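Right, one structure below, let's go through it.
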Amino acid sequence: MDFLSSFYLWLLPISTLPLIIHLFFNRKYRTIEYSSIEFLKVLKVDSMKKIRIVEILLLVLRTLIIIFIILMLSKPTIQGSFAKTISPSNPIFCLIAIDDSFSMTRSNNSIKILDFYSQDLGKIISTLPINSKVEIITLSDTTGIYKGLSQNFSKSSLNGDMNYSVSNLSLLNYYMDSKHNEFNKELHLLSDLDASLLASQKQELPNQWNIFLHDISNIEENISILDVNILNEIPMINEELEIEVTLQNTSSYDIKNSLLILNINDINVGQLQFDLATNETQDFTFKTILSSVGEFSCEFEVIYDNYLGDNSYYFPININSNIQIGILGNEPKQYYFLENALRALKTRNPNLSYSFENKLKSNQNEIVNNDINFIFGFNYIDDNNLASAIIDNFNLGGHNYIFPASDSFKSNKASDFWDYLSINLNQIKLTNYSSSTSYELSGKNIYNKKIEGIFSANNTNMTLMNIHKYYAFNDSRSPIMAVNGKSIWERFDNGVGQIHLLGFNFDLNWTDLPVRATYISFIDQLINLSLKHHPKTFFVGESVLRDNNYKEIKDPLGKVFKLNNSKEDFKIVQPGLHKIIKNESISNFYANIEPSELQRSKLDEQEFRKYFKNYILIPENADLVKITNEARVGVELWKFFLYLAIIFIIIEMVISNQFFRRI
């Protein structure tokens with residue numbers, strides 16, 4: 001128990017006054033007998049004892065009344081939810097972090113922070129003692145909205161908009177650590193307390209803070225489009241396309257008779273009506289046929305609720321007019337299995353074509369314009385003077401895969417191509433297993449999720465292929481595969497094209513991959529991932545890197561970002577179709593809300609305790625003044641002592657009144 005006005009406890013000795021007075025008036029007197037009092041002898045001894053008991057009872061009551069009044073004045077409290085009690089008059093350093101992420105509003109329009117949070121912020125600041133320091137920041141990037149004293153706060157000072165990005169506690173963690181010189185630190189976190197809030201959190205928040213978690217969940221009936229997948233490995237003209245869309249009912253009500261629409265190039269090509277139970281997630285499949293090649297701008301749209309921000313999902317379908325592949329190698333046996341795989345794929349996709357070295361070396365422009373080049377031999381590019389053609393292809397968005405052709409190669413001292421990649425061939429080492437052994441490559445050896453997805457592995461321990469020999473690259477920058485910590489598949493990326501340097505070949509001398517059932521599918525997916533005409537997809541909050549070929553970017557609202565006059569990358573702040581205006585062409589990219597913001601998954605008490613040491617969860621519409629006061633100060637007991645004092649005074653009055661009447 002603590003006392004807010006402890007100096008009144010010095011008055012406790014006054015509680016002895018009733019005892020002193022009692023002793024003073026009951027001191028011994030000299031007895032004088034005279035005849036007129038003779039009749040008093042008839043009084044019984046037990047009556048005198050009752051009088052003494054009543055006197056003692058009154059003495060105790062009067063003493064307790066004084067004690068209770070003194071305790072009432074000293075304002076006793078029982079310690080609150082937090083370890084340290086704060087006097088109601090002591091200033092507080094109050095940090096208010098507001099969740100400005102998409103999941104709070106799920107709106108497709110700009111909403112002012114003032115309009116969304118002004119009422120909640122006003123309530124919090126009204127509970128603070130005078131001269132308390134207040135800082136208000138956003139969770140997405142810790143941007144400051146207000147900084148000053150509590151009594152100077154004005155709702156009109158709240159600037160900024162709610163946004164489409166993700167909020168998490170990692171940035172807040174650093175911000176709180178920077179306030180180590182403050183005292184009586186208090187954090188108010190205003191959020192819907194969705195699981196995405198802790199997605200990137202690695203450690204608990206600083207324990208020197210008292211934390212109030214305000215649950216602000218005002219989304220009622222709502223359906224969210226979570227994801228879209230094109231089930232066809234390679235979309236082709238005049239063949240049925242299957243498109244899978246995932247929906248979730250993020251509200252607390254069952255939803256019936258909602259409408260889902262598929263738009264392609266702004267034309268409604270399909271729709272269905274569906275029901276979803278509360279918190280249910282379900283996949284729906286649409287089927288359609290496209291009769292021409294090119295890029296198709298697609299959108300799934302839900303017609304049901306008023307939260308329009310998650311009712312659309314944007315994605316492209318690209319049907320290539322022609323997939324051009326170059327195969328460069330000195331001997332056909334080097335690419336025998338690759339050629340067979342391409343021949344099988346061509347029967348399914350007539351748009352795929354491939355050429356060999358005889359044609360390509362005589363016309364290097366074809367090498368430059370190919371979507372993909374497969375090159376066999378680390379010396380092949382230099383020996384055939386193809387460095388400029390491969391580098392040009394790389395800069396134009398092509399993908400080049402370079403394989404070893406034999407167990408040895410010559411290290412050229414002067415090489416335009418390898419110097420361009422800053423690779424020293426002398427540092428490439430060969431590991432060759434005996435005829436009876438090999439290295440079992442599993443998912444644990446793959447560092448790139450897209451490549452890992454090509455293999456149909458059920459778990460990371462499943463053997464994907466056996467490697468009999470491989471070259472390892474000491475100078476590892478962006479490894480895709482590694483063995484014993486050394487990269488055996490290295491990628492070079494300039495933001496447009498890619499060069500892949502592999503330490504093994506796709507033939508039986510190097511690996512058993514060609515005789516596995518997954519081989520043709522592997523080559524198919526590798527080609528599909530490598531197509532330079534694939535439109536790019538992003539999430540809101542990501543950035544598009546600046547490129548010398550880019551002049552400007554136009555967002556879905558028609559706003560233009562001039563790249564020529566800016567040194568910054570373009571940060572995506574709006575979902576939808578964006579256009580990149582280049583020097584000689586226009587291309588598209590598509591942006592959607594981060595999946596973690598679209599899903600609805602409420603945090604539970606176990607997650608709270610994992611990251612928050614001193615916290616109180618405040619439900620919506622709770623009595624904020626009472627909760628914050630009891631947490632800071634504790635439960636005040638002065639009222640209870642007042643009630644006891646009043647009750648004891650009444651009892652004392654009744655007993656003394658009845659006692660003296662009888663006398």
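The values are calculated or read from the model by the stated rules, or taken from the named source; none is laboratory data. Please read all numbers here as calculations on a predicted model, not as lab measurements. Here the Cβ is made from the backbone with ideal geometry for all residues, glycine too, and neighbour counts use every protein chain on show. Note: areas computed on protein heavy atoms with side chains; ligands, DNA, RNA excluded. Shrake-Rupley method; radii C 1.70, N 1.55, O 1.52, S 1.80 Å.
For the stretch 245-302, GluC sites (Glu not before Pro) are listed when DSSP marks them as loop and at most 15 other Cβ atoms sit within 10 Å of their Cβ; the list is GLU280. Add +1 for every Lys or Arg and -1 for every Asp or Glu among the other residues with Cβ under 11 Å from the Cβ of SER422, and state the total. Charge balance near SER422 sits at -1. The protection proxy used here, the mean number of other Cβ atoms lying within 10 Å of each residue, ranks peptides 520-526, 309-315 as follows, highest first: 309-315, 520-526. Looking at the square roots a ≥ b ≥ c of the eigenvalues of the Cα gyration tensor of the chain, which shape do they give, rounded for a/c under 1.5, prolate if a/b is larger than b/c, or oblate? Since a/c reaches 1.5 and a/b is larger than b/c, the shape of the chain is classed as prolate. Put simply, the stretch 475-617 fits an ellipsoid with semi-axes of 35, 30, 16 Å; these come from the alpha carbon gyration tensor as the roots of five times its eigenvalues, largest first. Cα centroid distance between the stretch 131-201 and the stretch 214-284, in Å? Comparing the Cα centres of the stretch 131-201 and the stretch 214-284, I get a distance of 34 Å. Each stretch of four or more DSSP H residues adds -39500 (n - 2.57); spread over every residue of the chain, this sum gives -7500 deg cm²/dmol at 222 nm.
On the chain, 51 percent of the accessible area sits on carbon and sulfur atoms, based on a 1.4 Å probe. Per residue, the stretch 476-525 exposes an accessible area of 33 Å² to a 1.4 Å probe, with every protein chain left in place.
Taking a Cβ cut-off of under 12 Å around HIS468, the surrounding Lys, Arg, Asp and Glu residues balance to a net charge of -3, with basic ones at +1 and acidic ones at -1. Rounded, prolate or oblate: which one fits the stretch 318-378, using the alpha carbon gyration tensor with axes a ≥ b ≥ c (rounded when a/c is under 1.5, else prolate when a/b beats b/c, else oblate)? Verdict is oblate for the stretch 318-378. The residues of the stretch 552-613 present an accessible area of 59 Å² per residue when probed at 1.4 Å with all protein chains retained.
Overall shape: oblate for the stretch 476-526, with the ratio a/c of the largest to smallest alpha carbon gyration tensor axis at 1.5 or above and b/c at least equal to a/b. Counting only whole DSSP H helices of the chain, the ones at least 24 Å long by C-alpha along their axis and with mean Kyte-Doolittle hydropathy no lower than 0.0 are 45-73, 638-662.
Among beta bridges identified by DSSP and lying wholly in the chain, the antiparallel ones come to about 65 percent. Taking Cβ atoms as reference points and 9 Å as the exclusive limit, the residues near TRP209 contribute a net charge of +2, counting Lys and Arg as +1 and Asp and Glu as -1. Modelled spin-label separation between LEU59 and LEU308, with each label point placed 7 Å from Cα along the Cα-to-Cβ direction: 8.4 nm.
Here the stretch 359-441 is assigned +1 on the Cβ of each Lys and Arg and -1 on the Cβ of each Asp and Glu. Its dipole about the Cα centre then comes out at about 180 debye. Normalised per residue, the accessible area of the stretch 234-353 is 47 Å², obtained with a 1.4 Å probe and no contribution from ligands, DNA or RNA.
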